[in-house]
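Working notes, beginning with the structure itself.
What follows is calculated from the coordinates using simple rules that are stated; it is not laboratory data. No experiment lies behind these values; they were computed from the predicted model shown. Here the Cβ is made from the backbone with ideal geometry for all residues, glycine too, and neighbour counts use every protein chain on show.
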Amino acid sequence: MTGRPVRLIVGCPHGGNRLPAPYRPLFAGQEPRLRSHQGYDAGALRLARELAAALDAPLFHATVSRLLIDLNRSLGHPRLYSERTRAAPRAVREEILERHYLPYRRGVERCVAEALAAGLRVVHVNVHSFTPRLGEVVRQADVGFLYDPTRPPEKTFCLHWMAALRRLAPGLRLRRNCPYAGRADGFCTWLRRRHAAEDYVGIELEVNQRHVIAGGTAWRQLRTDIAASLKTAVEEAAWPAV
């Protein structure tokens with residue numbers, strides 16, 4: 001591989017719907033929400049683990065529910081806490097922040113900093129899943145690739161990844177910045193403000209939960225194809241050093 005070497009980092013901030021025992025009383029009667037997309041991204045953690053294993057990449061993941069605190073939101077964002085935790089005493093919110101939010105974020109930040117100090121370019125892939133429907137709208141994408149269009153390395157990387165995945169699974173509907181905008185508030189957006197485009201590539205991968213719900217061979221094959229295509233994209237994205 002020519003050019004500047006790449007350090008891949010895999011993240012999954014919405015991997016589970018666990019509630020630590022001290023905070024369960026805050027969510028009494030909320031079990032259906034915790035099991036729904038409001039509580040976590042179904043299938044995302046399994047995919048993230050397989051991507052990290054296939055590419056020998058560090059994995060940063062969370063299993064606490066985003067209804068407790070959303071690790072992908074910036075401090076001060078109105079949806080950092082759900083309405084249940086916003087109503088809790090300030091001391092409780094600060095405890096949740098210290099025990100769950102800051103360790104996750106600081107771990108990723110430290111990994112990014114160490115890679116950059118070693119002269120590597122970072123490709124940070126945050127893995128998510130999205131609901132097949134939003135209200136009355138049926139979402140048409142199977143896999144979405146979210147990035148900042150004003151950062152050319154991110155666009156280049158996504159085009160390589162999408163092309164590789166399309167070769168493996170030509171029937172998939174692949175979309176850029178769908179079902180969400182890549183520049184919306186999130187951990188990748190926060191890190192972009194702190195690192196140059198040539199140093200840090202932040203991608204949010206979004207997979208339609210219809211594949212998770214269907215399960216079986218097709219879901220397993222999709223995970224395999226995403227991992228293989230990501231490997232190809234990392235190999236092809238050895239851009240010249242700047």
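The computed mean projected area of the Cα convex hull in nm² for the structure shown corresponds, within [x] 12.2; [y] 13.4; [z] 18.2, to [y].
Amide H to amide H, with H built 1.01 Å from N, R7 comes under 5 Å of R121, V122, V123, counting only residues 5 or more places away or on other chains. Think of segment 31-182 as having a plus end and a minus end, set by charges on the Cβ of Lys, Arg, Asp and Glu; of A52, M162, A88, M162 sits farthest toward the positive end of this dipole. Averaged over residues, the count of other Cβ atoms within 10 Å places the peptides 55-64, 80-89 in the sequence 55-64, 80-89, highest first. Of all DSSP-defined beta bridges confined to segment 109-242, some 35% are antiparallel rather than parallel.
Extending 7 Å from Cα along the Cβ direction at A21 and again at E94 yields two label points whose distance is 2.5 nm.
Report the GluC sites (Glu not before Pro) located in segment 192-236 that are in a DSSP loop and have at most 16 other Cβ atoms inside 10 Å of their Cβ, or state none. Working shown, then result.
Numbers: sites: E198, E204, E206, E235, E236; in loops: E198.
Here the GluC sites (Glu not before Pro) that fit, given the DSSP loop and packing criteria, are E198.
Distance between the C-alpha centres of segment 23-86 and segment 155-191: 21 Å, rounded to the whole angstrom.
Kirkwood Rh over Cα pairs of segment 138-240 into Stokes-Einstein at 4 °C, 1.567 mPa s: D in µm²/s?
Numbers: Rh = 14.2 Å.
Here the translational diffusion coefficient equals 91 µm²/s.
First select every other residue whose beta carbon is under 13 angstrom from the beta carbon of G215; then total the charges, Lys and Arg +1, Asp and Glu -1. Net of charged neighbours comes to +4. Each Lys or Arg adds one and each Asp or Glu takes one away; over the other residues whose Cβ falls under 11 Å from the Cβ of L80, this sums to +3. Counted residue by residue at 0.36 nm each, then reduced by the alpha carbon distance between them, the extension gain from L168 to R193 reaches 5.6 nm. By DSSP, the beta bridges lying fully in the chain are antiparallel in about 20 percent of cases.
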